[in-house]
Amino acid sequence: MASLIGIAGGTGAGKSAIVRGLVDRFGGCVIDFDSYYVDRSALPPEERSRLNYDEPAAIDAALLVEHLTRLTRGEQVPKPVYSFESHARVGVRPVFPARLVIVEGLFALWWEAVRSLLDVKVFVDASPDLRLIRRIRRDVTERGRTVDQVLQQYLGTVRPMHERYVEPTRAHADLVVVNDGPVQEAVERVITAVRGRKADGLATIAAY
């Protein structure tokens with residue numbers, strides 16, 4: 001039976017780095033919210049670029065919950081492949097069931113339907129300045145954005161949506177990790193939390 005760890009937190013908090021550290025240590029599969037943005041291919045490109053992608057409504061929550069539920073049953077799922085340049089889905093990639101499923105994204109702790117599936121809920125935090133710096137680096141190098149575009153989106157939607165939707169989910173976390181130093185330290189704190197849980201599947205994975 002699969003064990004699910006939820007990794008939530010603001011943009012640039014270092015969620016993906018922690019996820020990579022966990023996968024390197026334990027293996028497993030990853031369900032990232034970035035793959036579950038609602039497909040906007042039916043909209044004109046200029047209209048897609050004006051949408052708010054930093055609120056829960058931007059995520060296809062129904063499909064996300066369906067896929068998580070199927071993974072807990074040991075079923076393979078077709079995770080969408082999402083393009084941040086076109087704001088549309090461009091295919092699917094199979095995700096195979098694993099003993100450890102890591103659920104990662106801004107809103108990983110937003111929906112009760114998702115939280116109820118998680119064995120461990122983690123909120124990753126870092127200072128706003130550090131998160132912004134990481135966001136700029138990522139979007140410029142990986143998503144083809146300019147610094148001005150990143151800053152415009154950050155001020156227009158990212159920061160206010162963080163305060164409205166992301167920060168409040170901290171209250172649902174079993175563990176809050178401040179990720180402002182070496183990422184391995186944050187990974188070790190998550191592993192310690194996993195070891196402290198009662199779920200047999202998690203205890204077995206963490207013992208490796």
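Highest GNM mean-square fluctuation among Leu63, Leu71, Leu109, for the chain modelled with Cα contacts below 10 Å: Leu63. Each of Glu85 and Gln184 was given a label point 7 Å from its Cα along the Cα-to-Cβ line. The distance between the two points is 3.6 nm.
Once divided by 2.2 N^0.38 Å, the Cα radius of gyration of segment 76-182 becomes 1.22. Around the Cα centre of segment 3-202, unit charges on the Cβ atoms of Lys, Arg, Asp and Glu (plus for the first two, minus for the last two) sum to a dipole of about 340 debye.
For segment 21-116, which GluC sites (Glu not before Pro) are in a loop by DSSP, counting at most 16 other Cβ atoms within 10 Å? Here the sparse-neighbourhood loop sites are Glu75, Glu85. Ordering Gly12, Phe26, Val187 by Cα displacement along the dipole of the chain toward the positive end leaves Phe26 in first place; charges were set at the Cβ atoms of Lys, Arg (+1) and Asp, Glu (-1). Every Cα-Cα pair in the chain was counted, and those over 25 Å apart are 36% of them.
Beta-bridge orientation, the chain: approximately 30 percent antiparallel, per DSSP, counting only bridges with both partners inside.
The fewest-to-most ranking of Val178, Val90, Val122 by surrounding Cβ atoms within 10 Å reads Val90, Val178, Val122.
Laboratory data are not the source of any read-out in this text; all were calculated from the coordinates shown. If you're wondering where the values come from, they're calculated on a predicted model, not measured in any experiment. Every residue, glycine among them, receives a Cβ derived from its backbone with ideal geometry; neighbour counts consider all protein chains shown.
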